[in-house]
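Enquirer: Sharing a structure with you now.
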Amino acid sequence: MSWAQAILLARGASRGWGGICSTALTGAPFSQVPPQAPRGLRCSAAAHNPDSSLVPHPPEPPRRPVKALAVHEELFRPALDGARNKANFVRAVQNFTEYNVHKRGHVDFIYLALRKMREYGVERDLSVYNLLLDIFPKEVFRPRNIFHSIFLHYPRQQECGIAVLEQMENHGVMPNKETEFLLLQIFGRKSYPMLKLVRMKLWFTRFKNINPFPVPRDLPQDPVDLASLALQHMEPDLSARVTTYQMPLLKDSPDAMDPTETHIVGIQSPEQQSALARHDPARPIFVEGPFSLWLRDKCVYYHILRADLLPPEEREVEEIPEEWNIYYPMQLDLAYGRSSWDDYEFNIDEVEEGPVFAICVAGAHDQATLAKWIQGLQETNPALARIPVVFRLSGSSGELLPSSSELEEPPPPPPEGQEEEDSQQRQQQGQS
Amino acid sequence: MTAFGKGRGCLTAVPRPPPPPPPPSSPSNSRAARGRGRRPRRRIGGRGGGWGGAGGWRHRRREIEAAGRRQQQQQERLRGQHERLWALLVLGGGALLPRPSGLHRDPAPAAHQSAEPSFRQGALLGQDPEVDSRKIDQEGKIPDETLEKLKSLGLFGMQVPEEYGGLGLSNTMYARLAEVIGLDASIAVTLAAHQSIGLKGIILAGSKEQKARYLPRLASGEHVAAFCLTEPASGSDAASIRTRATLSADKSHYVLNGSKVWITNGGLANVFTVFAKTEVVDSDGSVKDKITAFIVERDFGGVTNGKPEDKMGIRGSNTCEVHFENTRVPVENVLGEVGGGFKVAVNILNSGRFSMGSMVAGMLKKLIEMTAEYACTRKQFNRNLSEFGLIQEKFALMAQKAYVMESMAYLTAAMLDAPGFPDCSIEAAMVKVFSSEGAWTCVSEALQILGSSGYARDYPYERLLRDSRILLIFEGTNEILRMYIALTGLQHAGRILTARVKELKRGNVTTIMETVGQRLRDSLGRTVDLGLTGKLGVVHPSLVDGAHKLEENVYYFGRSVETLLLRFGKTIVEEQLVLKRVANVLINLYGMTAVLSRASRSIRLGLRDQDHEVLLANIFCSEAYHQNLFTLSQLDKHSPENLDDMVKKVSQQILEKRAYICTHPLDRTS
């Protein structure tokens, strides 16, 4: 380290010391540390982030930060081709480091760059974060002695480093060895960014795969694809088949919301199919919904076709036919079985539910659309033609909708019994 | 089921009283139906007969005819022999041998031994122009002239009674011949499909007219038979058979429609035993679909077959689909009763299994010769392969397996031959499971000895490996047979134990005290003596160790079975992992029984190389004993401790995702 740098560091340290003492005395939390006096190689900065908790006083005359900000903003001006991509972002960062050899104002620049990342679509790119961290001058902010590490050393810079890591965390970017090495070079092992990094490395690995039903990061935009994804997400049986009963109209006109033209996508497994075939036609089955399913930031509404659970006295005990297995007996002719003392399921609370025969996701939640689904199902389930279907649709989807979408909501349901009769009649008319 | 039960006295440990002299008529209906009652036994070749040797096929044929002429006189002699052997073995404590006269009685020792070398070497090495296994394997077809010769030898009617033109061999003799036939798997399978299952239905359940009509031509090989049960949707599930037979309006014939798959001899056969659903009016007037067996001739019309399947092994045998389209089957061709096809199928399948033991043993004996030849000539590091311990161990293993399966097979055959002896289907299933798995292990070990040449197509070994793989699959997969063995055994044990278990559950103090006392004694260490050894014991003193081990295993197995029935009751049907263990123990116990009795007999009769047999018997008993102890300890534990829970969980997770679940070892989160 050069002699001059040492002098500068010493000065900075003494000022930092004073700042921290005052913080400690006021007892304010870390995020509200008052701004430090200008020091060492740190360049001045102004309100880099309006909603940041750290609002430093401009340590320099107010004219300069504005100017500096303007300079940094300039770096992110759209390139000639107008493309906002990684290459341009990297170029902007490189321009900053080249233009500003002393890295004056780098904290502001980093905050600015963090805000710009989403625009450039690089918010999930680890190498870009590492590039940003690389802007920090090395070895300067490392604590030199035990007091440095006890009291916050270069708090603004550390805050900035933490902000970078936090944005990484929000986007689920796992730091790598390079990040660690950079932080080590910049802030040293005993620093808050390093602590943050260690914590991230600990918890990220634990939380990354905590969801047993992972959803792809980029959800399909097409509603039909999204619907089939949602259906497959819900259906545990891998042999279940997704059927698109109706494709939406391609045009983006508001007419597309017309129930006759929205998408209807359903899923049914072979087992559900055979269960439906076995269903007693005397008992009605119900279309229920809409229920919501969240896939990341998107909500999908689905309907189910289900029946009530058979009352226990009507359940058929599955009989083992006498001449069934050619090779070995399927049941033993013993005079005793497990008694109640041997009932291993005695203490297990299980709520039995009625069978679900199919699920669908449709663009509209009204009865006309869902009746189309039932019609489509009849092609593969001939038994459905004989079973009365009752529509039990709740009025709203349970979500707060913008006022513009009121149109697509079904009319408020009539009293339940009446609706059942109605729909039964309608269904029967439809079949006849 | 002899080697099963609670232990105390359930094994054939207590000297069995001599059976009453064979009654003049068959003792039970089932015996009569099987036609296995007091069949006149007959020897092939007779003494000094020239099976093979220089004489070749024609000579052998003459010998068989000669045997036919001598039959009467031999029968007389044999009966005399029965009495003598019986006395000898009962006095010597021969009760462990279920039927003293039957066990390991070689129908015509000299004849077969002289016949074997030519057939064996020919079959395996492809040197004999008459049976070229390699060519059969490559071309996927048994040459017609070979088939003709087999027919002329009468091998297509080995178990067909003599009055219908067959050889009328007893099960023991059949097993003995199977040993030779087993040297070429394709021929063995073709013959087995023809007579073990194909025409067996006619012998077991056919009427006199049916027998007279079909058996002579089947026995001569003029017609080939096939057994048509499996369907695309129905393997062991009889309820899902789709082939249907509908009675015509005039009730003179059935119209058969449907298709069957994996039919061995499907392309060659002229006579099919077909199982189809028919409508049967029950006693209470309701109409039900039931399975009926039919004898269908190809000439009835509407019978077509697909092209032969391209298989991994037994490539010379013909396996294909068979379709029936509006085939008119006369009512007279119903096999057994209308609606009684299920029982017919079960009986046929159960009766056809035992011969696999001797078949495999024959193959293994030849394999041992060939690999031993290699191991004693191949030099590495200036030593023969045979001097390395790891190679020697493999030979011991092969010899042991061959010895055990041979003993089991002939014990079972003897039991089947004995007049009035009950159903031996469990024993036959045990023989099948043990021998098929033994074949696979031993061939695999042999390949290990041979190194790369075992893998090469120029040598017969890879063919043996391919051929032996099917043994674990057909005639009921080993998994299914294990279920059969365990469940049938448990059914039997359950009947005996029911009363006791009921009392335990009701809380009968005496029974509980008895049980507790028994357990206490067991935990303090107890010597189990079921009377196999000792002064009047049936096992020779040099096998005392093995006998004690068998006794101990049998005793504790009985205890485990009791616990299992208490714990699971009827639901044990669903506990397949438990049942598998029960079956494994049973197979080992039966193997121990067979081996001990055979070795004891060899010593008592003063057979050559009895000390070698004693060694093999002791090795097997010891190994099986330890396996059994381990299995029993697992059976005594609940599922969380014996890993069953974990195993099930793992497989459930995999099957839910239908894929291997773990992430790649190189995957990382950061």
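The values are calculated or read from the model by the stated rules, or taken from the named source; none is laboratory data. It should be emphasised that the depicted structure is a prediction, and the values quoted were computed from it without experimental measurement. Here Cβ is always computed from backbone atoms with ideal geometry, including for glycine, and neighbour counts include all displayed protein chains.
Enquirer: Name the residues in segment A:163-194 that are β-branched (Val, Ile, Thr) and closer than 17 Å to A:LYS116 by Cα, would you?
Expert: Within segment A:163-194, A:VAL164, A:VAL173 qualify.
Enquirer: Something else: Based on what the data block shows, is B:ALA429 under 27 Å from B:GLN610 (Cα atoms) and either in contact with a helix residue (DSSP H, G or I) (Cβ under 8 Å, 6 or more places away or on another chain) or not in a helix (DSSP H, G or I) (or both)?
Expert: no
Enquirer: Looking at segment A:303-326 only, could you name the residues that are charged (D, E, K, R) and more than 24 Å from A:GLU352 (Cα to Cα)?
Expert: Across segment A:303-326, the qualifying residues are A:GLU322, A:GLU323.
Enquirer: Now a separate question. Against the condition in a helix (DSSP H, G or I), among the aliphatic types (A, V, I, L, M) and under 18 Å from A:LEU184 (Cβ atoms), how does A:LEU114 come out, does it pass?
Expert: Taking the combined requirement at face value, the residue does not satisfy it.
Enquirer: Can you tell me which condition B:VAL650 does not meet? The list is (1) within 23 Å of the chain's Cα centre (by Cα); (2) among the aliphatic types (A, V, I, L, M); (3) modelled with pLDDT of 95 or more, and all the others hold.
Expert: (1)
Enquirer: Could you run through segment B:230-246 and say how many residues are more than 8 Å from chain A (Cβ to nearest Cβ) and without any contact (Cβ under 8 Å) to a residue 40 or more places away in the chain?
Expert: Result for segment B:230-246: 10.
Enquirer: Quick check, is B:SER633 farther than 24 Å from B:SER436 by Cβ, within 14 Å of another protein chain (Cβ to nearest Cβ) and surrounded by 13 or more Cβ atoms within 10 Å (Cβ to Cβ)?
Expert: Here the answer is no, as B:SER633 does not meet what is asked.
Enquirer: State all residues of segment B:535-554 that are buried (at least 21 other Cβ atoms within 10 Å of the Cβ) and outside any loop (DSSP other than H, G, I, E, B); if no residue qualifies, say none.
Expert: Passing the criteria: B:LEU543, B:GLY546, B:ALA547, B:LYS549, B:LEU550, B:GLU551, B:ASN553, B:VAL554.
Here is a yes/no grid of residues against (1) closer than 20 Å to B:TYR403 by Cβ; (2) touching a residue at least 12 places away in the same chain (Cβ under 8 Å); (3) among the small types (Gly, Ala, Ser):
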site	(1), (2), (3)
B:PHE354	yes, yes, no
B:GLY357	yes, yes, yes
B:GLY362	yes, yes, yes
B:LYS365	yes, yes, no
B:GLU369	yes, no, no
B:TYR374	no, yes, no
B:ARG378	no, no, no
B:ASN384	no, no, no
B:LEU390	no, no, no
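Enquirer: In addition: Looking only at residues that are of a type in the set (Ser, Thr, Tyr) and surrounded by 12 or more Cβ atoms within 10 Å (Cβ to Cβ) in segment A:189-247, which one is farthest from the other protein chains (Cβ to nearest Cβ)?
Expert: A:TYR245
Enquirer: Answer with yes or no whether B:PHE354 is among the aromatic types (Phe, Trp, Tyr) and closer than 19 Å to B:ARG242 by Cβ.
Expert: Here the answer is no, as B:PHE354 does not meet what is asked.
Enquirer: Then there is this: Before we move on, is B:GLU575 under 25 Å from the mean Cα position of the chain (by Cα) and more than 30 Å from B:THR511 (Cβ to Cβ)?
Expert: no
Enquirer: Give me the residue from segment A:207-225 that is in contact (Cβ under 8 Å) with a residue 12 or more places away in the chain and within 19 Å of A:GLN246 (Cβ to Cβ) and, out of that set, nearest to the chain's Cα centre (by Cα).
Expert: Out of the qualifying residues, it is A:PRO223.
Enquirer: Considering only segment B:641-654, I want to know if a residue exists there that is within 14 Å of another protein chain (Cβ to nearest Cβ), without any contact (Cβ under 8 Å) to a residue 60 or more places away in the chain and not in a helix (DSSP H, G or I).
Expert: Looking for residues that are within 14 Å of another protein chain (Cβ to nearest Cβ), without any contact (Cβ under 8 Å) to a residue 60 or more places away in the chain and not in a helix (DSSP H, G or I), one finds none in segment B:641-654, hence no.
Enquirer: Here is a list of conditions, (1) at pLDDT 60 or above; (2) in contact with a strand residue (DSSP E or B) (Cβ under 8 Å, 6 or more places away or on another chain); (3) crowded, with 18+ Cβ neighbours inside 10 Å, and A:PRO410 meets all of them except one; can you say which number that is?
Expert: Among (1) at pLDDT 60 or above; (2) in contact with a strand residue (DSSP E or B) (Cβ under 8 Å, 6 or more places away or on another chain); (3) crowded, with 18+ Cβ neighbours inside 10 Å, A:PRO410 violates only (1).
Enquirer: Consider segment A:271-321. How many of its residues are in contact with a Lys or Arg (Cβ under 9 Å, 6 or more places away or on another chain) and basic (Lys, Arg)?
Expert: Matching residues across segment A:271-321 total 1.
Enquirer: For segment B:272-294, name all the residues that are surrounded by fewer than 24 Cβ atoms within 10 Å (Cβ to Cβ) and of a type in the set (A, V, I, L, M, F, W, C).
Expert: B:VAL280, B:VAL281, B:VAL287
Enquirer: With (1) within 14 Å of chain A (Cβ to nearest Cβ); (2) surrounded by 18 or more Cβ atoms within 10 Å (Cβ to Cβ) as the list, and B:GLY316 as the residue in question, which single condition is left unmet?
Expert: That leaves (1) as the condition not met.
Enquirer: If only one of A:GLY376, A:GLY289 is modelled with pLDDT under 90 and either closer than 30 Å to A:ASP225 by Cβ or of a type in the set (Lys, Arg) (or both), which one is it?
Expert: Unique residue meeting the criteria: A:GLY289.
Enquirer: Step by step: first the residues of segment B:577-587, then only those that are of a type outside the set (D, E, K, R) and closer than 12 Å to B:ILE485 by Cα, then the one that is farthest from the other protein chains (Cβ to nearest Cβ). Which residue is that?
Expert: In this case the residue turns out to be B:VAL585.
Enquirer: Using beta carbons and a limit of 6 Å, which pairs, at least six apart or on different chains, have the first residue in segment A:357-381 and over 23 Å from A:PRO236 (Cα atoms) and aliphatic (A, V, I, L, M) and the second one at pLDDT 90 or above and outside any strand (DSSP E or B)?
Expert: none
Enquirer: Look at segment B:467-513 and say how many of its residues are within 7 Å of chain A (Cβ to nearest Cβ) and farther than 21 Å from B:ALA583 by Cα.
Expert: Counting residues in segment B:467-513 that are within 7 Å of chain A (Cβ to nearest Cβ) and farther than 21 Å from B:ALA583 by Cα gives 3.
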